[in-house]
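Chemist: Here it is, the structure in full.
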Amino acid sequence: MPFLASIWTIDIIVALASAVLMVYAFLFYFGKARKMSSSFSLGLTAFTGIFVLQNLIAVFFYYQLAKEYSADVALPMLALNGLGLMAFAVLVWVIRR
């Protein structure tokens, strides 16, 4: 059981890390949207805001799923979350350049 709990814990940590990266991107795009007031910047702000919300909701769901589901569910979710985290990391890398 500790191994199973740790996989779900990693899922939660990855989702939280993704949310943190998206908050960074959100703040960046929000600042740009305020300065330039372009529809593209507003769209990017909304886009990143939705991803922040999605990742925070995922944390709640993973916590609930961990109570009933095994590593058979946790591992595929971790793979998907890991890919998402990598994508968000690339986005933040591009923003910082």
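The values are calculated or read from the model by the stated rules, or taken from the named source; none is laboratory data. Computed from a prediction, not measured in an experiment: that's the story for all the values here. Every residue, glycine as well, gets a Cβ built from its backbone with ideal geometry; the counts of neighbours run over all protein chains shown.
Chemist: List the pairs whose first member sits in region 1-22 and is over 20 Å from I95 (Cα atoms), whose second member is at pLDDT 95 or above and hydrophobic (A, V, I, L, M, F, W, C), and whose Cβ atoms are under 7 Å apart, counting only residues at least 6 apart or on separate chains?
Modeler: V14/L85
Chemist: Among the residues of region 9-52 satisfying the criterion of being within 10 Å of the chain's Cα centre (by Cα), closer than 22 Å to L78 by Cβ and not aliphatic (A, V, I, L, M), which is surrounded by the most Cβ atoms within 10 Å (Cβ to Cβ)?
Modeler: Looking at the filtered set, the residue picked out is S18.
Chemist: Another question, if that's okay. Which of (1) in contact with a Ser or Thr (Cβ under 7 Å, 6 or more places away or on another chain); (2) in contact (Cβ under 8 Å) with a residue 40 or more places away in the chain; (3) aliphatic (A, V, I, L, M) is the odd one out, the single condition A33 does not satisfy?
Modeler: Of the numbered conditions (1) in contact with a Ser or Thr (Cβ under 7 Å, 6 or more places away or on another chain); (2) in contact (Cβ under 8 Å) with a residue 40 or more places away in the chain; (3) aliphatic (A, V, I, L, M), the odd one out for A33 is (2).
Chemist: While we're here: Which of the residues belonging to region 23-39 are hydrophobic (A, V, I, L, M, F, W, C) and either under 20 Å from A89 (Cα atoms) or at pLDDT 95 or above (or both)?
Modeler: If the condition is that a residue be hydrophobic (A, V, I, L, M, F, W, C) and either under 20 Å from A89 (Cα atoms) or at pLDDT 95 or above (or both), then V23, A25, F26, L27, F28, F30 are the ones that fit.
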